[in-house]
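What follows is one structure encoded as structure tokens, with my remarks underneath.
The values are calculated or read from the model by the stated rules, or taken from the named source; none is laboratory data. Since this is a predicted model, take the numbers as computed values, not measurements. Each accessible area value is taken on the protein alone, full model and side chains, heavy atoms only, with ligands, DNA and RNA left out. Shrake-Rupley method; radii C 1.70, N 1.55, O 1.52, S 1.80 Å.
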Amino acid sequence: MRWSEVRRAACPGSFDPVTNGHIDIIGRAALLFDEVVVAVGVNKSKSRLFSADERIEMLTEAVRPYDNVVVDGFQGLLTDFCQKRDIVAIVKGLRAVSDFDYELQMAQMNSSLAPIETVFVPTSPEYSFLASSLVKEVATFGGDVSKLVPPHVLERLTARLAERS
Ligand code: PNS
């Protein structure tokens, strides 16, 4: 490996929608690597509140302050996406020990598929309870999630839930 090579990492996820916890991990990955690709999983298996394009738009706005971060959607295997984009590492946030079992299994599966390391970054304590699913649930029942997502996400979340109610 040459010193001059760009060290590119992926921050993968569903981001339905992006939360402040995701942005914390992406921002910290941006300090560790030359370039970060936020990889939005667009496989059709799960029902989502936001379409792939909407999730990508919200993320693109959220990562605007970071000049070495880009956002892209991917279908199929994450490792195939990483290999096509010369991505050497996958960065994942760990909120609690309970995240570790599944994340370790995925990291080991991914490294068996391709020579790509997974780097675990501990979630900042203020975001350790944060998950997109909980944000959606709390917002659905009228709870205040304004400290948990960026303002532009709050606006779209509020509008989408109003459409659905
Ligand atoms: O935010 P999520 O839902 O935890 O993100 C999960 C995601 C998209 C990162 C994961 O499901 C994934 O990598 N999917 C792509 C399909 C794949 O590569 N599966 C094998 C994983 S070992």
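Figures for the structure shown
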item: Set of aspartates and glutamates with alpha-carbon distance to Lys147 below 12 Å, sequence-local pairs under 8 removed; result: Glu126
item: Per-residue SASA entry for Met58, accessible area with 1.4 Å probe, Å² rounded to 10; result: 0 Å²
item: Heavy-atom surface of the range 8-129, accessible at 1.4 Å and reported per residue (Å²); result: 52 Å²
item: Amide hydrogen neighbours beyond the local backbone of Gly93, cut-off 5 Å, H modeled; result: Val121
item: Column: log10 I(q)/I(0), Debye, Cα scatterers of the chain, q = 0.10, 0.19 Å⁻¹; result: -0.37, -1.31
item: Sulfur and carbon atoms: percent of accessible area, the chain [1.4 Å]; result: 54 percent
item: Set of aspartates and glutamates with alpha-carbon distance to Lys84 below 18 Å, sequence-local pairs under 8 removed; result: Glu5, Asp34, Glu35, Asp72, Glu117
